[in-house]
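Undergrad: Take this structure, written in structure tokens, and hold onto it; I'll ask about it next.
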Amino acid sequence: MEQQKLKKIPMRQCLGCNEHKPKRELLRVVRGPEGDVSLDFTGKKSGRGAYICRDVKCLRRARKSRRIERNLECEIPEAVYDSMEQELGAYAE
């Protein structure tokens, strides 16, 4: 009998709550080739990525500890964080 192959689910760690979750459940924060930081709701933008839960609380926690900045190896202005929070809040509703 032939066994069915189980598809491996890629796991990523949220930078806010430190939980490992399937990649599809998390939201990607991307530093693009020009150095601009944004939320990637599709998961297809090019650039270096970091992952957070689709929850404003996790974004705020990662912002406070500066984990996204360390992960993306760049400075993120407060205005960019504020716009990401608004985007995430609008997306969650």
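The values are calculated or read from the model by the stated rules, or taken from the named source; none is laboratory data. Small disclaimer: the values here were computed from a predicted structure and weren't measured. Glycine also receives a Cβ, built like all others from the backbone with ideal geometry; neighbour counts cover every protein chain displayed.
Undergrad: Could you list all residues from region 23-46 that are basic (Lys, Arg), more than 10 Å from the chain's Cα centre (by Cα) and either surrounded by 12 or more Cβ atoms within 10 Å (Cβ to Cβ) or closer than 18 Å to ARG70 by Cα (or both)?
TA: Passing the criteria: ARG31, LYS45.
Undergrad: Considering only residues that are aliphatic (A, V, I, L, M) and either out of contact with any strand residue (DSSP E or B) (no Cβ under 8 Å at 6 or more places or on another chain) or over 19 Å from GLU25 (Cα atoms) (or both), which ones fall in region 42-76?
TA: VAL56, LEU72, ILE76 - these are the residues of region 42-76 that are aliphatic (A, V, I, L, M) and either out of contact with any strand residue (DSSP E or B) (no Cβ under 8 Å at 6 or more places or on another chain) or over 19 Å from GLU25 (Cα atoms) (or both).
Undergrad: Quick one: in region 71-83, which of the residues that are in a helix (DSSP H, G or I) and not hydroxyl-bearing (Ser, Thr, Tyr) is nearest to LEU39 (Cα to Cα)?
TA: VAL80
Undergrad: Sticking with this structure for a sec: Which condition breaks for LEU88 when tested against (1) within 10 Å of the chain's Cα centre (by Cα); (2) surrounded by 15 or more Cβ atoms within 10 Å (Cβ to Cβ); (3) not acidic (Asp, Glu)?
TA: (1)
Undergrad: Right, here's the next one. Can you list residue pairs whose Cβ atoms sit under 9 Å apart, with the first residue in region 31-45 being outside any loop (DSSP other than H, G, I, E, B) and the second being surrounded by fewer than 10 Cβ atoms within 10 Å (Cβ to Cβ)? Count only pairs 6 or more apart in sequence or on different chains.
TA: If the second residue must be surrounded by fewer than 10 Cβ atoms within 10 Å (Cβ to Cβ), the pairs left are ARG31/GLU73; VAL37/PRO77.
Undergrad: Further, regarding this structure: Could you tell me which of the residues LEU15, LEU26 is among the aliphatic types (A, V, I, L, M), touching a residue at least 40 places away in the same chain (Cβ under 8 Å) and touching a strand residue (DSSP E or B) at 6+ places or on another chain (Cβ under 7 Å)?
TA: Selected residue: LEU15, the only one of LEU15, LEU26 that is among the aliphatic types (A, V, I, L, M), touching a residue at least 40 places away in the same chain (Cβ under 8 Å) and touching a strand residue (DSSP E or B) at 6+ places or on another chain (Cβ under 7 Å).
Undergrad: Name the single residue, out of those in region 46-70 being of a type in the set (D, E, K, R) and part of a loop (DSSP other than H, G, I, E, B), that is farthest from MET11 (Cα to Cα).
TA: Across region 46-70, the extreme among qualifying residues is ARG66.
Undergrad: Does MET11 satisfy being modelled with pLDDT of 95 or more and either loosely packed, with under 10 Cβ neighbours inside 10 Å or more than 20 Å from SER65 (Cβ to Cβ) (or both)?
TA: yes
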